[in-house]
Amino acid sequence: MITIVLFDMLVLVVLLTLGVPLPLCFGGALLFMSFFVPVSMKSLFVWGFNQIINPILLTIPLFILAGGVMSESGIAKYLLNFVNVFIGRIKGGLGVVSVVTCAIIGAISGSGFTGVAAIGPILIPQMINEKYPQGYASALVTCSSILGLLIPPSTILIIYGWVTETSILACFLSTVGPGLLIVIVFSIMNLFFARNMPLILSPSLSRKEKKQQILSSTWKALPALSMPVIILGGIYGGVFTPTEAAAVAVIISLPIGFLIYRGLKLNNFYRLVVESATSVGTIMIMILLALMLSQVFVMNRIPQAIISFMFGITTNKFLLLFMINILLFIIGMLVNDATGMVLAAPLLLPLVKELGVSPVQFAAIMGTNLAMGGVTPPYASILYLGMRVGKVEFIDILKPTMIFILFGYVPVVFLTTYWPPLSLYIPRLLGFVP
């Protein structure tokens, strides 16, 4: 059976390599499996449909819409100005501004695309004017954008909690530690690289001028800053569920976009609704087919076969976790984060439980790995978006991106894997994990 699964994965990889749309790739892999294992497609479709009508999945389209509204409304501009007034005038400060702003945006949108889509058009030209290399500026904003998948609320962690029946709130909290650590690491790396850049800094402000700018930018940013406070405070305060929080994010962002910041107009609102609906349709079909393929694996006891196969290679926990990380890294390079989560979580969770790893810690391990895939070729959808936004060639953005990934992001992935308190301390502190 393992041989059939390996051939099925080969079919999936070939289809992905040929550029076949993602839902059809998983449909093809599912069709291949149906030739070798007994499965009722009708029953499987009924089962899959019953899964995707779960109210928890309403969170995905709502957060996608909220992210689109935020990109168009001008919220990112005022958040950027707010952060910039505090740290933007030191050498390398503008790079730190991009990292911190992406983290704040992640606490609103739950998406890895929103950061680069919302602040990239504003910040990348500003960094270039300060003489940051164009490829470096685009890479920093792009790599920082994946914080949206780690700083709660995160759509991929909602999917993980739904698939594995793990507390979604605990999953949210599991990536707070890794996410904040990445903010710190990226900021330090940027300050280190900026030392050798011929940057042109804005003139220093007097104490009075700085005080006026702080008051002005804070006042203008208050509506935007209220969003993560309301959303996260409401979730962890028990006021509303993650699904309701996503609806609240949309409800709050609309008047802010239309009436306060006025970046949202009827024409661009209609366009972003259409784009969001198209994205949601694609994602839901992809989740359905990936879920059906994963269920075929579960029905044929593939997780148990994987456990036996892996333990046949080694029983060393350190090496097995290393192999799992490599597998997740490869999956992230081939498919998007949501698909990777649906496909891999049910298969690998039994194995990590055998190793004594908490499902909540594994949420952080999967989240950090799959988020990295968004900027790692060949899939690298966030990286390609960053190229378009930064108007930079692939060869120019690739080197700085790989530096941030290899020396900044990968160490955090392995720290998350081998040091449980990084992901479990906050959930335990708040009583979500025993």
### Message
Among the residues that make up segment 390-397, is at least one of them without any contact (Cβ under 8 Å) to a residue 24 or more places away in the chain, assigned to a helix (DSSP H, G or I) and touching a helix residue (DSSP H, G or I) at 6+ places or on another chain (Cβ under 7 Å)?
### Response
yes
### Number of the exception - Leu398 against (1) closer than 22 Å to Pro303 by Cβ; (2) modelled with pLDDT under 95; (3) of a type outside the set (D, E, K, R)
(1)
### Query
Of the residues Ile365, Ile331, which single one is modelled with pLDDT of 95 or more, surrounded by 22 or more Cβ atoms within 10 Å (Cβ to Cβ) and not aromatic (Phe, Trp, Tyr)?
Ile365
### Query
Just checking, which of Ile252, Ile235, Ile230, Ile200 is in a helix (DSSP H, G or I), more than 21 Å from the chain's Cα centre (by Cα) and either surrounded by 14 or more Cβ atoms within 10 Å (Cβ to Cβ) or modelled with pLDDT under 85 (or both)?
Ile252
### Message
For a quick check of your reading of the model, give me the residue pairs whose first member lies in segment 84-113 and is over 22 Å from Ser253 (Cβ atoms), whose second is hydroxyl-bearing (Ser, Thr, Tyr) and part of a helix (DSSP H, G or I), with beta-carbon atoms closer than 7 Å and at least 6 apart or on different chains.
### Response
Val85/Ser217; Val96/Ser187; Val99/Ser144; Val99/Ser187
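Can you tell me how many residues within segment 320-349 are of a type in the set (S, T, N, Q) and assigned to a loop (DSSP other than H, G, I, E, B)?
Of segment 320-349, the ones of a type in the set (S, T, N, Q) are 325, 336, 339.
The next check asks that each one be assigned to a loop (DSSP other than H, G, I, E, B); those that pass are 336.
Residues in segment 320-349 being of a type in the set (S, T, N, Q) and assigned to a loop (DSSP other than H, G, I, E, B): 1 in total.
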### Task
May I ask you to say which residue of Ser276, Ser294 is touching a helix residue (DSSP H, G or I) at 6+ places or on another chain (Cβ under 9 Å) and under 29 Å from Ile252 (Cβ atoms)?
Ser276
### Task
Working only within segment 122-155, note down all residues that are under 14 Å from Tyr384 (Cα atoms) and surrounded by fewer than 24 Cβ atoms within 10 Å (Cβ to Cβ).
Gly135
### Task
Looking only at segment 149-165, decide whether some residue is part of a loop (DSSP other than H, G, I, E, B), hydrophobic (A, V, I, L, M, F, W, C) and out of contact with any Leu (no Cβ under 7 Å at 6 or more places or on another chain).
yes
### Task
Say whether the condition of being exposed (fewer than 14 other Cβ atoms within 10 Å of the Cβ) and within 23 Å of the chain's Cα centre (by Cα) is met by at least one residue in segment 34-47.
no
### Total residues in segment 255-293, condition hydrophobic (A, V, I, L, M, F, W, C), buried (at least 19 other Cβ atoms within 10 Å of the Cβ) and under 19 Å from the mean Cα position of the chain (by Cα)
4
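The values are calculated or read from the model by the stated rules, or taken from the named source; none is laboratory data. The structure presented is a predicted model; accordingly, all values stated were derived computationally and were not measured. Positions of Cβ are backbone-derived with ideal geometry, glycine not excepted, and every protein chain shown enters the neighbour counts.
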